[in-house]
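The values are calculated or read from the model by the stated rules, or taken from the named source; none is laboratory data. The structure displayed is predicted, hence computed values, not measured ones. As a convention, Cβ positions derive from the backbone with ideal geometry for all residues, glycine included, and neighbour counts pool all protein chains shown. Note: accessible area is taken over every heavy atom of the protein model, side chains too, but ligands, DNA and RNA are not part of it. Shrake-Rupley method; radii C 1.70, N 1.55, O 1.52, S 1.80 Å.
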Amino acid sequence: MQRSALLDAARALLSEGGTEALTFPALAQRTGLARSSVYEYFRSRGAVVEELCAVDFPVWAAEVEMAMAAVESPEAKIEAYVRQQLALVGDGRHRAVVAISAGELDAGAREKIRAAHGGLVAMVVEALRALGHEQPRLAAMLLQGVVEAAVRRIELGAAESPEEITEAAVKLALGGVCD
């Protein structure tokens with residue numbers, strides 16, 4: 001129960017103030033725990049992020065996978081892959097991990113984030129293979145790059161609306177992989 005409350009507090013802190021906001025005193029204050037109690041659950045900020053990834057990323061991946069499974073054609077699967085990831089940008093769980101992913105993480109935390117993203121990329125490889133792509137894994141990695149660029153643009157609060165960014169990313173993705 002306390003661990004869950006700490007993770008909720010960590011998500012909120014990261015969403016509100018980025019990596020600088022995620023401190024053990026702030027976690028303690030948000031949860032009503034003593035600071036020393038926070039250390040009983042997590043040894044470092046990196047450990048908090050690792051736990052967030054372990055808890056939240058499978059949920060996001062399942063949502064992307066469900067969106068892809070709900071459509072038939074390879075093109076529709078690619079579109080669902082892009083749209084669902086960008087729809088998750090507004091989710092506080094996503095914002096939290098994005099906020100700290102650029103921060104000072106230990107090698108273990110970075111590797112877990114990379115592995116989780118690799119799992120997402122693997123989901124779209126089959127759709128690219130069905131389109132006859134010569135290098136579906138490479139194309140999937142580049143497609144994920146388009147998604148990540150769109151995520152950063154949305155997170156920055158760009159001049160374009162999230163909907164405009166999503167439409168542009170879908171158009172770019174489909175134009176790039178379906179030709």
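Observations
- Projected area, mean over directions - the chain, Cα convex hull, nm²: 10.6
- Residue 75 accessible area, 1.4 Å probe, all protein chains in place, Å² to nearest 10: 80
- Relative contact order, whole percent, for the chain stands at 23, derived from Cα pairs under 8 Å and 6 or more residues apart.
- Highest-fluctuation residue, 16, 65, 134 considered, GNM on the chain with Cα pairs under 10 Å: 134
- The range 136-179 versus the range 4-71: alpha-carbon centroid distance in Å: 26
- Mean residue ellipticity at 222 nm, helices only, the chain: -26000 deg cm²/dmol; runs of at least 4 DSSP H residues each add -39,500 (n - 2.57), and the sum is divided by the number of residues.
- A Cβ-based charge dipole, computed about the Cα centre of the chain with Lys and Arg at +1 and Asp and Glu at -1, lands at about 560 debye.
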